[in-house]
Structure formats: structure tokens, C-alpha cells
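Encoded as C-alpha cells, the structure appears first; notes follow it.
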Amino acid sequence: MLLHDQVAAEIRRAILDGEARPGERLPQARDLAAELGVNTNTVLRALRALRDEGVVEMGRGRSIRVSGRPDRGAVAVKLKELVEVARRHGVGRDDLVAMIERLPR
């Protein structure tokens, strides 16, 4: 697992464990980097991934808040993995969507 993925997993775990609650601000990237012993750019890459998953919101300046949706973040991670596997096996987006729609509810 890449280092930024490990950092994202650690932040996600903290949110799921209730160490950071929805609406709370997270420390700035440089402070998180110092706490985790990694480069600030690694933390920023992890935070962008978490933002894309809907786990955190990154505001103007250096504001980073927990969005309150870590459960959706977990789904987003698995969805990304599914898309990557499908792509490796030559399954396009439309075919993948059709396969999902055919799943029993």
C-alpha cells in the first residue's frame, strides 16, 4: 500500500473511531505530517483522496473539516477498486453500470 493510502486509512480510522467527529476541523496538513512522521505532500495527497471520497471537506485556506460521511468514503474506496479491476479486465463504464443494475436488490 502506498504511503498516502496508509495516511488516508489512518485518518479514516480516526474518524470512524470517533476521534474526529462530523463538522470538526482537522489539524493543518503540516501538523498532521509532523504527527505522522511523513512529508506534508503525502498528507495533502491523502486529504485530496479523502475529499474525493466525501470523508473530508477542504475549504479555503487550510481549513479541513470532517464531512461526517466516512461510511460513504468506505463505499467510494471499494467502488474505485471495482472500477480499476473492471478496467484491467476490459469492462467499460457502461457495461459495469449495467452489471450493477442487474444485481439483486
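Using the Kirkwood formula on the Cα atoms of the range 19-105, what hydrodynamic radius do you get, in angstrom to one decimal? Could the numbers behind the result be given before it?
Values: mean 1/r = 0.0674 Å⁻¹.
Roughly 14.8 Å, rounded to one decimal.
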Next item on the list: Sort 11-21, 40-50, 77-87 for me by packing, meaning the mean count of neighbouring Cβ atoms within 10 Å per residue, highest on top.
Entry: 40-50, 11-21, 77-87
Next item on the list: List every residue whose amide H lies under 5 Å from the amide H of residue 64, counting only residues 5 or more places away in sequence or on a different chain, with H placed 1.01 Å from N in the peptide plane.
Entry: 26, 59
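Work out, step by step, the length gained on full extension between residue 16 and residue 98: first 0.36 nm times the residue separation, then minus their alpha carbon distance; give nm to one decimal.
The residue 16-residue 98 span can extend by a further 26.3 nm.
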Item checked: Whole-number percent relative contact order across the chain, with pairs defined as alpha carbons under 8 Å at least 6 apart -> 24 percent
Notebook entry, point to check: Taking the Cα-to-Cβ direction at residue 35 and at residue 91 and moving 7 Å from each Cα, how far apart do the two end points lie in nm?
Noted result: 3.8 nm
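Values in this text are rule-based calculations from the coordinates and carry no lab data. None of these values were measured; they are calculated from a predicted model. Glycine also receives a Cβ, built like all others from the backbone with ideal geometry; neighbour counts cover every protein chain displayed.
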